[in-house]
1. Hey, among the residues in region 219-230 that are more than 23 Å from residue 43 (Cβ to Cβ) and surrounded by 13 or more Cβ atoms within 10 Å (Cβ to Cβ), which one's modelled with the lowest pLDDT?
2. For region 18-66: of the residues being assigned to a loop (DSSP other than H, G, I, E, B) and hydrophobic (A, V, I, L, M, F, W, C), which is farthest from the chain's Cα centre (by Cα)?
3. Cβ contacts < 8 Å: first residue at positive phi, restricted to region 59-86; second residue part of a strand (DSSP E or B), any location; separation 6+ or different chain. Result?
4. Only one of 123, 194, 189 is in contact (Cβ under 8 Å) with a residue 12 or more places away in the chain and surrounded by 15 or more Cβ atoms within 10 Å (Cβ to Cβ); which?
5. Considering only region 127-143, I want to know if a residue exists there that is surrounded by 15 or more Cβ atoms within 10 Å (Cβ to Cβ), without any contact (Cβ under 8 Å) to a residue 24 or more places away in the chain, outside any loop (DSSP other than H, G, I, E, B) and of a type in the set (Lys, Arg).
6. For region 85-120, give me each residue that is assigned to a loop (DSSP other than H, G, I, E, B) and surrounded by 16 or more Cβ atoms within 10 Å (Cβ to Cβ).
7. Are any of the residues in region 82-90 over 24 Å from residue 160 (Cα atoms) and among the polar types (S, T, N, Q)?
8. Return the only residue of 121, 198 being farther than 15 Å from residue 85 by Cβ, of a type outside the set (Val, Ile, Thr) and out of contact with any strand residue (DSSP E or B) (no Cβ under 9 Å at 6 or more places or on another chain).
Amino acid sequence: MKIIFLNAWQGQIPQIKDFILDHIPTTDIFCFQEAGYFNTDIFCQQYLSSQYQLFTNQKQLTQKDIMVQATFVKKNFSVLKTATIGEDIDNIGLGLFTQLKDSKENIFNIGNIHGYPWPGDKQDNSDRINQSNLIVNFFKDLSGPKIIGGDFNLDFDIKSTQIFEENGYRSLIKDFKIDNTRNRLSWEQYENKQHFADHLFITKDIKVKNFTVPYNEISDHLPLILEIEI
């Protein structure tokens with residue numbers, strides 16, 4: 001199984017389409033954050049809808065800011081459950097949950113996460129710690145492997161990310177010694193050069209075949225590409 005997590009920046013960089021089209025033949029699930037904007041379609045819906053099931057939700061943060069999440073699941077998977085995490089809680093981001101079953105009857109729990117963006121320093125505070133605890137508690141009693149990824153708006157190896165490890169998850173950003181999930185398009189926007197925002201946490205019952213965070217400029221975030229054995 002191959003899953004790609006990416007903050008798509010509303011699809012505003014034209015080259016993102018080529019990246020997605022290149023990966024369609026081998027990718028089972030796309031988890032996008034910033035997949036649209038107010039009153040717009042999901043940016044890639046037109047060219048993914050024939051092969052994928054779409055699950056989406058959104059959360060309006062301010063008059064000018066909205067989180068739009070989209071999870072695309074290949075049609076050969078059965079989707080057993082969907083839910084939204086943090087939808088009605090202030091100072092918390094948005095999580096999109098899907099529980100899947102493959103042709104071998106294996107069940108997987110996927111979390112597509114966009115963490116609360118303020119303050120912009122991506123450091124610990126009480127809201128971010130509450131957000132991590134909320135996500136962990138949501139998945140706590142679910143059976144089957146768990147894969148939780150996306151743009152958490154969190155720096156590397158802080159309390160808000162360690163909470164996942166304390167609850168039995170592997171941090172693939174840490175385990176694979178990833179040194180960056182941002183790029184030039186991000187660094188040119190802000191005075192503070194930040195190297196991390198995106199994370200991927202998996203339970204230890206998952207066998208990883210490959211995990212990469214390739215540098216490209218299809219968004220102001222880099223894609224997290226996970227391949228697992230099933």
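1. Keep residues of region 219-230 that are more than 23 Å from residue 43 (Cβ to Cβ), which gives 227-230.
Going one step further and asking which of them are surrounded by 13 or more Cβ atoms within 10 Å (Cβ to Cβ), we end up with 227-228, 230.
Details: 227: 98, 228: 98, 230: 85.
Among those that are more than 23 Å from residue 43 (Cβ to Cβ) and surrounded by 13 or more Cβ atoms within 10 Å (Cβ to Cβ), it is 230.
2. In the first step, residues of region 18-66 are kept if they are assigned to a loop (DSSP other than H, G, I, E, B); the result is 27-28, 34-44, 49-51, 61-65.
Still in the running and hydrophobic (A, V, I, L, M, F, W, C): 35, 38, 42-44, 61.
Details: 35: 11, 38: 20, 42: 15, 43: 16, 44: 16, 61: 18 Å.
Among them, the one singled out is 38.
3. Cβ pairs passing all conditions: 86/59; 86/94; 86/95.
4. Working: 123 fails: surrounded by 15 or more Cβ atoms within 10 Å (Cβ to Cβ); 189 fails: surrounded by 15 or more Cβ atoms within 10 Å (Cβ to Cβ).
From the options 123, 194, 189, the qualifying one is 194.
5. no
6. Matches in region 85-120: 86, 92, 93, 115, 116.
7. Here is the first cut: in region 82-90, the residues over 24 Å from residue 160 (Cα atoms) are 82.
Next cut, among the polar types (S, T, N, Q) only: 82.
Yes.
8. Working: 198 fails: out of contact with any strand residue (DSSP E or B) (no Cβ under 9 Å at 6 or more places or on another chain).
Going through 121, 198 in turn, the sole match is 121.
The values are calculated or read from the model by the stated rules, or taken from the named source; none is laboratory data. This is a predicted model, so every value here is computed, not measured. All Cβ positions, even for glycine, are placed from backbone atoms using ideal geometry, and neighbour counts span all protein chains on display.
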